[in-house]
1. Would you mind stating whether residue 146 is crowded, with 24+ Cβ neighbours inside 10 Å and in a loop (DSSP other than H, G, I, E, B)?
2. Restricting to the stretch 383-417, name every residue that is out of contact with any Gly (no Cβ under 6 Å at 6 or more places or on another chain) and assigned to a loop (DSSP other than H, G, I, E, B).
3. Mind checking whether some residue in the stretch 105-113 is outside any loop (DSSP other than H, G, I, E, B), out of contact with any Phe, Trp or Tyr (no Cβ under 6 Å at 6 or more places or on another chain), of a type outside the set (A, V, I, L, M) and not assigned by TED's automatic domain parsing to the domain that holds residue 303?
4. Just need a number here: residues in the stretch 41-84 that are in a strand (DSSP E or B) and either of a type in the set (D, E, K, R) or within 19 Å of residue 189 (Cα to Cα) (or both).
5. When you look at residue 196, is it within 28 Å of residue 18 (Cβ to Cβ) and modelled with pLDDT under 95, yes or no?
6. Among the helices (runs of 4 or more DSSP H) lying completely within the stretch 182-281, list those that include at least 2 residues that are more than 19 Å from the chain's Cα centre (by Cα) and surrounded by 20 or more Cβ atoms within 10 Å (Cβ to Cβ).
7. Say whether the condition of being within 13 Å of residue 351 (Cα to Cα), modelled with pLDDT of 95 or more and touching a strand residue (DSSP E or B) at 6+ places or on another chain (Cβ under 7 Å) is met by at least one residue in the stretch 424-434.
8. Please state which of the following conditions residue 287 fails to meet, knowing it meets all the rest: (1) touching a residue at least 40 places away in the same chain (Cβ under 8 Å); (2) on the phi > 0 side of the Ramachandran plot; (3) buried (at least 18 other Cβ atoms within 10 Å of the Cβ).
Amino acid sequence: MQIYPLEPSFTAGECVELAVQPHRRFSIAIYQQQNDEALTSLSGVIVGATNNVTAKLINGKYVFQSAGDTVPVSFDKDWEWPTITIKPHTPMLESGAYVAVAYEVSPSGEPLTDLGRRCSAHQPVFGWPPDSDNMALLIARPRTPSASIAYVIPTATYHAYNSTGGGCYYGDPIHRTSPALKVSLRRPGGGLGAQLGEPTDPYDPRSPRQQFTHWDAKFIRWLRAQNLACDFYTDLDLHGATDLNLSNYRCMLSVGHHEYWSQEMRDHVARFIADGGNLAVFSGNTCYRPIDFGPQTKHGGIKEMNRLGESWPDFNESDLIGLSYGYGGGKFGIWRRLRGGWIKRKRDPIGFTVQQENHWVFAGTGLENGQTFGAQDHLVGYEVDGVPPTSNGFNTLASTPRLVGWEIGGIGALGTYQPESSAGSKQGLVFNCGTTDWARVLIDPNAKSHVVVAQITLNVIRKFLDLDSHHASRQDSSLGDMAARTRDASEALADLHDGE
């Protein structure tokens, strides 16, 4: 069954309001994205209130019954489903990425599906289809800021590609929908359980693109393994700047495919960098398309999102993050219905060629100028950002060859940047990897460039958090392990270079 949150984030320890599919009998389980690929069972729920839903405790577990009938609702309308107000039944909920799973049950509360039986037994579940069709992504903000990193989940991008209800910002060739300029945020599919017209990723076919599991879950797993604490928010929190005050943090993380930004989001990040904050972009096609979020409800919520244009004027997001997709390129595949749908989904084996081997970003990697990393792993793509033709001060540390045959057909880049508009003695720094697929290689120990990608990521985060060599935590142990593998990595890189 389908569910969605009325607001994609909530404050840890407080309640969250879920909209639930009408005319269903079900229970709810709460899972968390922790260190493993599978989601980890956390708890049941405490019920605060219901609207057109009854709730009964049966054998210690809530059984809900929603009223009404499921009728088709458009992608650009508030679906106005029945709601339950709940909070996870755990005393000390931390800021993080959580998942509410709805599973149908009998009148006595017995699960009716395999997913439900796994939830009832507190077994792992997975954030990809078909399990994800019954899930809602919930981001728990901190009660008070407690980490040095603010991780912003790109809810807007997830909904931009979500054609549940018959439409989104893109033509969906699988479900035969046309592009639109407005979508509702109050419908299923904002990170999990979406209807998508996307081609399957040939390098990670289990999880669909434009979903939490494909992008952010991987990076979160890596952060947790390194013991790098984060406070989590969504881009709606960044837009409103009420629940998220970036001045409380040293670093903001943008990961995966953080494509859709409002002007307010840009303004708040620009001010953060000007005041000494650092922005780490492990994303591609970042901040490429402008949106606004429409009017707030009387309770401060946001129901809809409007696409304002194909791109920012003159690709001027490069003035904020150094790069733009408008100077890079993408390789998606070709749609041919008569040939079974998406074809030619694989892309050229392209990596980054090093230009500044002595830069701190490459410390401990063993990389040398002229050496290429990531090609065998298809690290570059499926979308990649490039440098403006007129210099904006971006410090290119590594670049790709020209992306011949890709959309746009520019040259991708990786490097650092300080926005000129915020020049000052205390201004922060931007690191931009320029590619969507960074997290995929980062979490894959079998990837040829995994060690290098992980080392670069650690270097960036440590630099941005000002962690010195005496900082004692698990990430230092991991860094030591990685350094111990440098000999093997250098040998592997030599093989990569020979093969590329």
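1. Numbers: crowded, with 24+ Cβ neighbours inside 10 Å: no; in a loop (DSSP other than H, G, I, E, B): yes.
So residue 146 fails the test.
2. Kept after step one, since they are out of contact with any Gly (no Cβ under 6 Å at 6 or more places or on another chain), are these residues of the stretch 383-417: 387-393, 398-399, 401-402, 404-405, 415-416.
Hits for the stretch 383-417 are 387, 388, 389, 390, 391, 392, 393, 404, 405.
3. No, the stretch 105-113 has no match at all.
4. Residues of the stretch 41-84 in a strand (DSSP E or B): 41-43, 45-51, 53-58, 61-66, 83-84.
Of the ones still in play, those that are also either of a type in the set (D, E, K, R) or within 19 Å of residue 189 (Cα to Cα) (or both) are 56, 61, 83-84.
Counting residues in the stretch 41-84 that are in a strand (DSSP E or B) and either of a type in the set (D, E, K, R) or within 19 Å of residue 189 (Cα to Cα) (or both) gives 4.
5. yes
6. Working: elements: 216-225, 235-240, 263-274.
Here the list reads 263-274.
7. yes
8. Result: residue 287 passes all but (1).
The values are calculated or read from the model by the stated rules, or taken from the named source; none is laboratory data. These numbers come from a predicted model, not from an experiment. Counting neighbours? That spans all protein chains shown, and the Cβs are built from the backbone with ideal geometry, glycine included.
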